[in-house]
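Let me begin by presenting the structure, written as structure tokens, before commenting on it.
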DNA sequence: CTCGGTTTGTTCTCGCGTTCACAAACTCCT
DNA sequence: AGGAGTTTGTGAACGCGAGAACAAACCGAG
């Protein structure tokens, strides 16, 4: 996207690899909790649900943290990946839109345990300002800028209804937030330099529906037309 | 993945295109509600947040539904995409795990309006069996197979804690479900022929954190080292 | 010290997805 | 009717990611 200066550390890591690093991190945490001190790329790959060649290639972008003939030290690799992702320190996060989904997000324990700290919950509806969710009180949306500056918030989560999302995003960007996780089913327009990641429940379901329909049509087609490829499907 | 018989309709559509079709569908719905009868690929592309070349190529996999020199009929294209995805009919869906996230999913209106119908909410915890969420009463997890057969459920949603997810998935597969949307932060193992899509909140945040860290390091690196590439970033 | 076994890190090849660029086709105006 | 202006659909080039295969490096036994 933008040119990077390959200054010292942190060479260019492919986007596809970046998206898998958190998966490896979680798998390593699981191995660590199970008492494993060392693991091979094969072990870690199966725990992460990828094949070992891809895993080794991904890790090679970070550096040579393994030992040939032995494998990887679980704790050491875990720390290196966490450092590369940037979750060795805590990231302050604000959540805007405390409806059903906002409640769920605020109560989600996975944030806290994985390097994120919810410092504020915001909602435009005054009726929600009396609520306290997960130990944090809901404050007016107009407090956004003050909170961002006070806590140095760099990441914002949008869980509002779709019509409000663009406005919320604009205010977030104006307040200095440069990374947005958007749960509202809308395409957000943001200036360059701001990252947006979208999580869209109905889109995921529709993708499943497409494949489901294909399976149904494929079965019917195989039955109706000539013999096709069979899928082995255990009970 | 598996061989398909290119029997009659529904040629092979690339996975990347399939993932974008729901976005186009939503953009078309927006245009339709705004009273637009016809749109160019440029219009639809900006509404969907992609460039027009990609949009046209994507649509070309479905067929030639546009008119050169004119554009696309919004309603017609909308129906064609909906038919291709398979959301012209309703898909019955079960949600397992009615915690915070399960509540939010059950109440999410976007499912209903986009071709999905929540036919059952299941939870292993007997204390939740008295609840009624979004007009549907929570039933024991052991009812899964009966419900799947009764309603012909093909899509299951898992919103349980991570340790329970694999067991739930196993029961879903055993009951005949072949498409799973997994919100639990775990890698699911399923037999071939079963599609799993994963939505992982903390992974998304970690990806944002990585880029955020890069931005911070990049700015510091540019300041410390020699002059690098500047990013134009409006206020 | 040497040799066999094991596992990483890397190179190479292949296929998919994105983007560009342009011909084909349609409308509208004269 | 004809030509200018638009817009679609697609062929071709290009870059990225996945997977296979192998050389380099490490451990341990004898």
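Laid out as a table, the results:
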quantity	calculated
Any hit, region B:157-166, residues being surrounded by fewer than 21 Cβ atoms within 10 Å (Cβ to Cβ) and touching a helix residue (DSSP H, G or I) at 6+ places or on another chain (Cβ under 7 Å)	no
Sole residue being surrounded by 15 or more Cβ atoms within 10 Å (Cβ to Cβ) and more than 30 Å from residue A:106 (Cβ to Cβ), chosen from B:118, B:153, B:93, B:138	B:153
Residues of region A:127-142 classified as outside any strand (DSSP E or B) and within 26 Å of the chain's Cα centre (by Cα), total	3
Qualifying residue in region A:61-73 (condition: assigned to a helix (DSSP H, G or I), within 16 Å of DNA strand D (Cβ to nearest atom) and out of contact with any strand residue (DSSP E or B) (no Cβ under 8 Å at 6 or more places or on another chain))	yes
Qualifying residue in region A:76-88 (condition: more than 30 Å from residue A:153 (Cβ to Cβ) and either more than 16 Å from DNA strand D (Cβ to nearest atom) or not in a helix (DSSP H, G or I) (or both))	no
Per-region count, region A:27-77, residues more than 12 Å from DNA strand C (Cβ to nearest atom), under 19 Å from the mean Cα position of the chain (by Cα) and in contact (Cβ under 8 Å) with a residue 40 or more places away in the chain	2
Hits in region A:108-127 (condition: modelled with pLDDT of 95 or more and touching a strand residue (DSSP E or B) at 6+ places or on another chain (Cβ under 8 Å))	A:116, A:117, A:118, A:119, A:120, A:121, A:122, A:123, A:124, A:126
Residue ranges of strands (runs of 3 or more DSSP E) in region B:144-235 with at least 3 members more than 7 Å from chain A (Cβ to nearest Cβ) and modelled with pLDDT of 95 or more	B:155-158
Within region B:10-39, considering residues that are farther than 17 Å from residue A:203 by Cβ and surrounded by fewer than 15 Cβ atoms within 10 Å (Cβ to Cβ), the one farthest from the other protein chains (Cβ to nearest Cβ)	B:37
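The values are calculated or read from the model by the stated rules, or taken from the named source; none is laboratory data. Note that this is a predicted model, so its numbers are computed, not measured. Methodologically, a virtual Cβ is constructed for each residue, glycine included, from the backbone with ideal geometry; neighbour enumeration extends over all protein chains shown.
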